[in-house]
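Read the structure below first, then the notes.
Each value in this text was obtained by applying a stated rule to the coordinates, not by laboratory testing. Bear in mind the structure is a predicted one, so any value in this text is a computation, not a measurement. We place every Cβ from the backbone using ideal geometry, glycine too, and count neighbours over all the protein chains shown.
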Amino acid sequence: MRPTRRGYMFTLVCLVALSAGIMYGPRALDAVVIPGFIALFASIIDIWRVSEPSVERTLPSPAEPGTKAQISLKIKADRPVPVRAVDTIPSGLTGTPVIETVADGTSVEYELTRRDRGCHTIGPVTVRLRDRLGLFERVFMIDNTDSVTVFPQICSLTPVAANALRNTTSPTAGPKRGSFEGLREYTRGDALRDVHWKSSARHDDLFTRDFGSAADQDTQLDSLTVAVNIEQHSDTSIEFVDAAATAAASICIEALDQGAGVQLQTPTGNATAVAGSEDAILERLAEFSLPVNPLEDNIANADIHVTVRAESVIVYFGERTVDFGDLLSIHNLESQDGDTVSMIADREEQTLKRNYDDNITVSTDAHSDDSATEERYT
């Protein structure tokens with residue numbers, strides 16, 4: 001327990017009044033000092049009786065970098081005293097995690113911006129409880145931590161990459177995602193990427209784009225295996241690991257949109273998904289990082305290999321190869337509404353341009369370290 005700034009000033013006023021009372025008589029002492037010391041004593045008793053509060057944190061759903069999130073905190077003590085709480089956030093998130101409320105269990109929110117891919121730990125929480133007059137406070141460090149998941153950036157594939165993806169696995173019959181037909185009301189299980197936000201904003205309900213079944217079902221994917229590898233003994237930058245996660249996520253989402261089941265395997269874990277359940281894939285790629293003992297290839301017979309090298313990212317579609325720059329639609333594209341939408345946040349686009357324009361390696365042969373011949377773009 002310690003005085004606040006207001007408490008220090010109040011104590012100083014009481015001491016000055018006490019000195020004046022001693023010098024000029026008890027009238028000044030009675031008028032200021034006695035009520036002042038009573039207030040100080042009452043504040044000490046008030047804050048001393050408050051026990052350590054409890055903190056409950058409510059987290060948002062995982063999302064891509066650049067999106068905003070609302071974090072909710074509920075702080076409750078045995079007495080409803082004023083409280084100021086400061087949450088601890090990692091470098092992968094930005095914001096001002098400070099709230100001021102009353103310790104009565106009321107939910108208060110603060111806003112964060114997701115900046116970097118990964119699983120970021122929030123907490124502990126520094127809680128400052130004050131008496132009702134704000135003269136004294138008690139500081140508690142509440143060891144309450146939670147994890148906020150930030151998915152990798154998801155981009156549209158270029159026509160070259162999309163065509164390579166369609167030709168990677170054997171076709172199968174069945175309904176698939178076709179052309180845009182119109183809007184309909186959102187139902188549980190619809191992909192959030194299809195929500196039409198402009199129409200939803202004009203109504204009370206969410207509306208989603210309706211894609212009918214395509215007439216041509218010969219390009220329907222059956223299943224797809226995607227392996228993400230980090231080349232053995234490579235001194236790899238985390239920026240290239242993020243690029244590999246972006247490439248793998250974009251490929252997996254495109255395959256799921258085409259109706260294929262996807263199996264993902266990385267050096268740090270595996271995941272499977274079907275259409276409408278892509279979160280398992282994205283969560284695994286959010287956790288993807290440099291392993292202690294990287295494997296050169298974790299699935300030898302995978303349909304697609306995303307390989308991270310020391311200064312490049314290579315994507316192998318069976319015997320075909322698409323470099324990172326040709327894989328993703330990094331530049332602005334036209335949406336169905338005619339609005340220009342950026343597929344990659346400005347910061348990431350600059351990072352991709354800076355790191356990959358001169359460092360993308362294209363293999364002209366199949367996925368083989370012995371037979372691959374390489375060209376380097378400059």
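Close amide H partners of GLY105, meaning residues 5 or more places away or on another chain with modelled amide H under 5 Å apart, are ILE75, LYS76, ALA77.
Three principal axis extents describe the C-alpha atoms of region 64-130; from largest down they are 40, 17, 15 Å.
The tail of the calculated P(r) for region 1-149, taken as Cα-Cα distances beyond 26 Å, holds 42 percent of the pairs. Fewest neighbouring Cβ atoms within 10 Å first, the residues ILE34, ILE281, ILE253 line up as ILE34, ILE253, ILE281. Database remark: amide H of ALA63 closer than 5 angstrom to the amide H of PHE151 (H placed geometrically; neighbours at sequence offset of 5 or more, or on other chains; Pro and chain starts carry no H).
Ranked by how many other Cβ atoms sit within 10 Å of their own Cβ, fewest first, the residues THR67, THR307 fall in the order THR67, THR307.
Ordering TYR8, TYR110 from the fewest to the most neighbouring beta carbons within 10 Å gives TYR8, TYR110.
The local environment of ILE238, defined by Cβ-Cβ distances under 11 Å, has a net charge of -2 under the rule Lys, Arg +1 and Asp, Glu -1.
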